[in-house]
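Derivation of every value follows stated rules applied to the coordinates shown; laboratory data play no part. Please read all numbers here as calculations on a predicted model, not as lab measurements. A quick note on method: Cβ atoms are made from the backbone with ideal geometry, for glycine too, and the neighbour counts reach across all protein chains shown.
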Amino acid sequence: MSADLSSPSAAPVAAPSRPPHPLLEFWYHFKQNKGSLIGLVVILAIAVIAIFAELLAPYDPNIQFRDAILAPPVWYDGGTWRFILGTDDIGRDMMSRLMHGARLSMMIGLIVVTLSLAIGLALGLLAGFFGGMVDVLIMRFMDILLALPSLLLAVVVAAILGPGLVNAMLAVSVVVIPHYARLTRAAVLAEVNRDYVIASRVAGAGPLRLMLIVVLPNCVAPLIVQATLGFSTAILDAAALGFLGLGAQPPTPEWGTMLASSLQFLQRAPWVVTWPGVSILVTVLAFNLLGDGLRDALDPKLKR
């Protein structure tokens with residue numbers, strides 16, 4: 001005789017477990033890397049300083065205090081709370097210039113990554129989808145760019161365009177385009193022959209829809225990681241161009257330019273060189289740590 005399922009003694013049927021939300025799953029894997037959490041906190045702090053620089057900075061970055069030229073930081077002998085991090089060789093407050101320099105550095109990273117990612121993505125999609133002569137022409141040109149030292153290529157492009165912050169950003173963008181193009185092409189080649197792409201092609205999807213709607217969303221993960229690491233590369237290369245006199249021009253409070261204009265005071269007033277260098281170091285390190293955490297969280301193999 002069959003058991004009565006409605007009786008109290010019948011075992012309850014367990015409800016099927018719902019899969020975790022993708023964002024919750026991403027955050028679970030991301031927070032396992034403590035270094036990436038530290039990098040994220042530092043980047044958020046720098047972003048807040050960059051956005052609210054006018055409110056947080058004690059002074060205008062270009063105002064000169066003639067009575068406090070090369071004033072030391074507050075913990076040095078002779079330092080005052082008026083200038084917590086000291087002043088430079090013409091009496092400008094170092095803290096104010098560093099805060100406004102954070103805005104420039106974040107803007108440089110954002111513009112360079114956006115521009116180079118857009119161009120590299122387009123070139124990589126074209127090379128991966130159409131192959132043949134299109135692939136050969138695009139990738140051989142990318143190989144030529146990669147064969148040149150990145151900083152040397154940036155210097156050449158900046159020298160051709162002329163010194164300036166905008167031209168420096170364009171020069172750095174040209175240097176990093178091949179990285180996005182090659183990465184996109186490799187991701188497209190791995191996806192273009194999969195069943196869902198073939199099914200979409202049979203259903204009548206055109207090349208543009210296949211590239212942008214079908215394949216591109218499945219190539220985003222490595223591009224996100226590369227773009228995060230590209231922020232640090234952009235900031236570092238732009239600072240190098242500024243140090244060489246090809247980037248932002250004085251009195252713009254850009255960290256590389258601040259380094260270049262303060263080298264002669266290295267022994268007499270080391271803080272004018274130390275603070276811009278430390279700012280570049282911390283920012284680049286934070287973006288690298290964040291990129292490592294994103295790679296661990298977005299790579300299915302590393303998740304397992």
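Among 171, 68, 102, the largest mean-square fluctuation in a Gaussian network model of the chain, built with springs joining Cα atoms closer than 10 Å, belongs to 68. Scanning the chain for helices, which whole DSSP H stretches are 30 Å or more long along the axis (Cα) and average 1.6 or more by Kyte-Doolittle? Helix filter hits for the chain: 94-130. From the alpha carbon centroid of segment 55-78 to that of segment 124-188 is 42 Å. Considering only 28, 256, 217, and ranking their Cα positions along the charge dipole of the chain that arises from unit charges at the beta-carbon of Lys, Arg, Asp and Glu, the one farthest toward the positive end is 217. Both radii were evaluated on the Cα set of segment 41-303; the Rg over Rh quotient, with Rh as the Kirkwood radius, amounts to 1.09.
Considering only 86, 236, 186, and ranking their Cα positions along the charge dipole of the chain that arises from unit charges at the beta-carbon of Lys, Arg, Asp and Glu, the one farthest toward the positive end is 186.
Among 282, 175, 113, 155, the order by Cβ neighbours within 10 angstrom, fewest to most, reads 282, 155, 113, 175.
Taking amide H atoms as placed 1.01 Å from N in the peptide plane, the amide H of residue 87 lies under 5 Å from those of 70, 71, 94, each 5 or more residues away in sequence or on another chain. Net charge dipole, the chain: roughly 520 debye, given to the nearest 20, about the Cα centre with Cβ charges of +1 for Lys and Arg and -1 for Asp and Glu. Of all the options 184, 80, 252, the one that moves most in a Gaussian network model of the chain with Cα springs shorter than 10 angstrom is 80. Summed over qualifying helices (DSSP H, 4 residues or more, each -39500 (n - 2.57)) and divided by its residue number, the chain shows a 222 nm mean residue ellipticity of -21500 deg cm²/dmol.
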